[in-house]
Amino acid sequence: LLLPAIKRQLMKTRREVLNVLDIGCGQGQLYPVVKEIGYDYFGLDISPDQIRIARMNYPEIADQFEAGDALEHTDLYKRMYDIVVVNMVFPVIDTIEKIEQLLQRCTIILKEEGRLIVGVVEPCFDRYMQHGVLGREGIETEFRGYFASGDRFRFPQDTNNGVFYFTDYHWTLGDYFHALRKAGFMIDELDECKPPLNTELPHGFYEARFQYPTYLVLGCEKQSKYIARKKIRDISKSFSELF
């Protein structure tokens, strides 16, 4: 559900061969999507283990995966990017100030015509909310409600190697909107990752995802670009009214 939505946003920016920075790239799951479109790719993740697996999965671009913290990685700012993807990173950040800092760095490394694509868990229906509102079990948290920004919750995920525990933080839609705007971005695309009607997903999986939104993908542009376009539209409207 999530990767197809990111692909839709990537396709909206297609002009020529563009370069994409994938912050929080994990094991490189986004790379095949970027490759299929024809863009250049660079992946950054804070986990050396994740980067090691990404390099094993895609040895042909092993040198384009790098371990590092996007808030401290100085080499990150030696080049500019057409597209920056920040996918499933914000829910694991424990303060809104760090989210704002990361977005400000994205503003610096994005070209003037560049775009930011943000993927997050749908905050109205994330596991934290499902625990409090729907009574979902297996989640460790003191539920205080949707507007309890920054509340921590922990939940298990079954894997081939046993159970892995995720620790996430709850951020509201308003938190994301204000952080993006403060960093100089305007949201101009919103994709709620609707399940496809024709799907090969197991029936139960599909039905559950169709009951409520699972993920949210935001397409953003710099405010300077947004303001410039608005001025052009206003001028065009004025001329059309004159004639």
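With every protein chain present, what is the per residue accessible area of the chain (1.4 Å probe, Å²)? The partial results should precede the final answer.
On the way: 13550 Å² over 243 residues.
On a per-residue basis, 56 Å².
Counting each pair of different Cα atoms once, what's the Kirkwood radius of the chain in Å, rounded to one decimal?
Details: mean 1/r = 0.0515 Å⁻¹.
Evaluated over the chain, this radius sits at 19.4 Å.
Which of Phe164, Asn19, Tyr41 sits closest to the plus end of the dipole of the chain, meaning its Cα is farthest towards the positive end, when Lys and Arg get +1 and Asp and Glu get -1 on the C-beta?
Highest projection toward the positive end goes to Asn19.
Placing +1 at every Lys and Arg Cβ and -1 at every Asp and Glu Cβ, with all other atoms neutral, what dipole size does the stretch 140-197 have around its Cα centre, in debye to the nearest 20?
Numbers: 6 positive and 10 negative charges, 38 e Å.
Dipole size: approximately 180 debye.
Grab the beta carbon distance between Glu72 and Lys35, set R0 = 25 Å, and tell me the FRET efficiency rounded to 0.05.
Values: r = 28 Å, r/R0 = 1.13.
In this case the efficiency is close to 0.30.
Could you sort 126-139, 40-53 so that the peptide with the highest average Cβ count within 10 Å comes first and the rest follow in order? Please list the in-between numbers first.
Working: 126-139: 16.1, 40-53: 18.1.
Order by mean packing, descending: 40-53, 126-139.
Could you calculate the FRET efficiency of Ile187 with Asn161 from 1/(1 + (r/R0)^6), where r is the beta carbon distance between them and R0 is 51 Å, rounded to 0.05? Mind dumping the intermediate values first?
Working: r = 38 Å, r/R0 = 0.74.
Efficiency, from the Cβ-Cβ distance: 0.85.
Percent of accessible area on the chain owned by carbon and sulfur, 1.4 Å probe?
Values: 7170 of 13550 Å².
So the carbon and sulfur contribution to the accessible surface is 53 percent.
I need the per residue convex hull volume for the stretch 17-136, using only the alpha carbons, in cubic angstrom as a whole number.
On the way: hull volume 15.4 nm³, N = 120.
Spread over its residues, the Cα hull of the stretch 17-136 gives 129 Å³ apiece.
With a point put 7 Å past each Cα toward its Cβ, work out how far Gln211 is from Gln104 in nm, to one decimal.
For the pair Gln211/Gln104, the computed spacing is 4.2 nm.
Please report, in debye to the nearest 20, how large the charge dipole of the stretch 62-207 is about its Cα centre when each Lys and Arg carries +1 at its beta carbon and each Asp and Glu carries -1 there. Numbers along the way, then the final one.
Details: 14 positive and 26 negative charges, 58 e Å.
For this selection, approximately 280 debye.
Tell me which GluC sites (Glu not before Pro) from the stretch 16-83 have a DSSP coil assignment and no more than 14 other beta carbons within 10 Å of their own. Walk me through the numbers on the way to the answer.
On the way: sites: Glu16, Glu36, Glu60, Glu66, Glu72; in loops: Glu16, Glu72.
Taking the stretch 16-83 and a limit of 14 other Cβ atoms within 10 Å, the loop GluC sites (Glu not before Pro) found are Glu16, Glu72.
For the chain, give the share of DSSP beta bridges that are antiparallel, in percent and rounded to the nearest 5; count only bridges with both residues there. Provide the component values of the computation, followed by the final result.
Values: 22 of 40 bridges.
The answer is about 55 percent antiparallel.
On a 19 Å Cα-Cα criterion, which of the cross-link pairs Lys12/Lys98; Lys35/Lys98; Lys7/Lys182; Lys7/Lys35; Lys98/Lys182; Lys35/Lys111 come out too long? Walk me through the numbers before you get to the answer.
Values: Lys12/Lys98 28 Å; Lys35/Lys98 30 Å; Lys7/Lys182 26 Å; Lys7/Lys35 11 Å; Lys98/Lys182 13 Å; Lys35/Lys111 21 Å.
Correct reply: Lys12/Lys98; Lys35/Lys98; Lys7/Lys182; Lys35/Lys111.
Separation between the Phe177 and Asp94 pseudo-spin-labels, each 7 Å from Cα along Cα→Cβ, expressed in nm?
About 2.9 nm, to one decimal.
Cut-off 17 Å, label point 7 angstrom out along Cα-to-Cβ of Lys12: give me the residues of the stretch 83-112 whose amide nitrogen falls inside.
From the stretch 83-112, the list is 83-88.
Based on DSSP H runs of at least 4 residues, each adding -39500 (n - 2.57), what is the mean residue ellipticity at 222 nm of the chain after dividing by all its residues, to the nearest 500 deg cm²/dmol? Mind showing how you got there, number by number?
Values: 7 runs with 81 residues, N = 243.
Helix-only estimate at 222 nm: -10000 deg cm²/dmol.
The values are calculated or read from the model by the stated rules, or taken from the named source; none is laboratory data. Note that the structure is a prediction, hence the values are computed from the model and not measured. No Cβ is skipped: glycine too gets one built from the backbone with ideal geometry, and neighbour counts run over all protein chains shown. We work out accessible area using only protein heavy atoms, side chains counted, and drop any ligands, DNA or RNA first. Shrake-Rupley method; radii C 1.70, N 1.55, O 1.52, S 1.80 Å.
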